[in-house]
Amino acid sequence: MRRQHQRDAYAAFLTEANAFFSKTLWGNCAQQASSQLGISLRDEARRQEINRRALRIQSEVPTEPLKLAAAVVQLEGPENIAAIAREIENHAHNVHVDALYGEAPYTLFDALDGRPAPTGEGRNTHLDLLTAINNFTDATRSHLNGSKTARRP
């Protein structure tokens with residue numbers, strides 16, 4: 001019975017983490033902004049306008065559903081999985097803060113392609129979030145399947 005509660009908690013958390021990730025991806029936010037403004041993404045003269053609206057859209061994606069689902073993971077444990085859930089919460093918070101402070105245009109695709117960040121920092125919060133989500137998935141799969149190697153990556 002305990003394993004089923006863990007499975008349900010992990011699935012709910014993973015669903016929220018992936019939903020947050022998808023809703024805050026720069027391309028998705030920019031497309032939504034473009035549609036709202038009636039401006040083509042190809043219109044370079046109005047790119048800043050699209051970027052400002054996309055940042056607002058990105059910053060308005062709520063983190064509360066993710067936090068609530070993470071609380072259940074914290075209760076269900078084990079500690080190594082709870083720790084990865086906290087990492088995901090922290091990375092989601094960073095995505096939110098970056099959007100509030102106008103840091104979003106350094107996209108996940110820029111990071112994956114090895115393009116330098118405009119600030120020179122070289123970090124992409126979406127890449128950090130994606131990595132943590134993948135680590136959570138691997139750790140929970142190992143835990144639920146009884147693998148002796150279930151550990152924090």
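Here are a few things to note about the model shown:
- Filter result for the condition that a residue is open to solvent by 50 Å² or more (accessible area, probe 1.4 Å) and modelled with pLDDT under 90, over Gln36, Gln48: Gln48
- Top-ranked residue in segment 54-79 [being over 19 Å from the mean Cα position of the chain (by Cα) and open to solvent by less than 60 Å² (accessible area, probe 1.4 Å); ranked as farthest from Tyr10 (Cα to Cα)]: Pro78
- A residue that is outside any loop (DSSP other than H, G, I, E, B) and within 17 Å of Thr137 (Cα to Cα) occurs nowhere in segment 43-61.
- Filter pass, Asp43 being modelled with pLDDT under 90 and on the phi < 0 side of the Ramachandran plot: yes
- Pairs linking a residue in segment 1-21 that is without any contact (Cβ under 8 Å) to a residue 24 or more places away in the chain and closer than 17 Å to Asn90 by Cα to a residue that is surrounded by 14 or more Cβ atoms within 10 Å (Cβ to Cβ) and aliphatic (A, V, I, L, M), with Cβ atoms under 8 Å and 6 or more positions apart or on different chains, do not occur.
- Top-ranked residue in segment 80-106 [being without any contact (Cβ under 8 Å) to a residue 12 or more places away in the chain and part of a helix (DSSP H, G or I); ranked as least open to solvent (accessible area, probe 1.4 Å)]: Ala82
The values are calculated or read from the model by the stated rules, or taken from the named source; none is laboratory data. None of the values given here were measured: they were computed from a predicted structure. No Cβ is skipped: glycine too gets one built from the backbone with ideal geometry, and neighbour counts run over all protein chains shown. Ligands, DNA and RNA are excluded from the accessible area calculation, which covers all protein heavy atoms including side chains. Shrake-Rupley method; radii C 1.70, N 1.55, O 1.52, S 1.80 Å.
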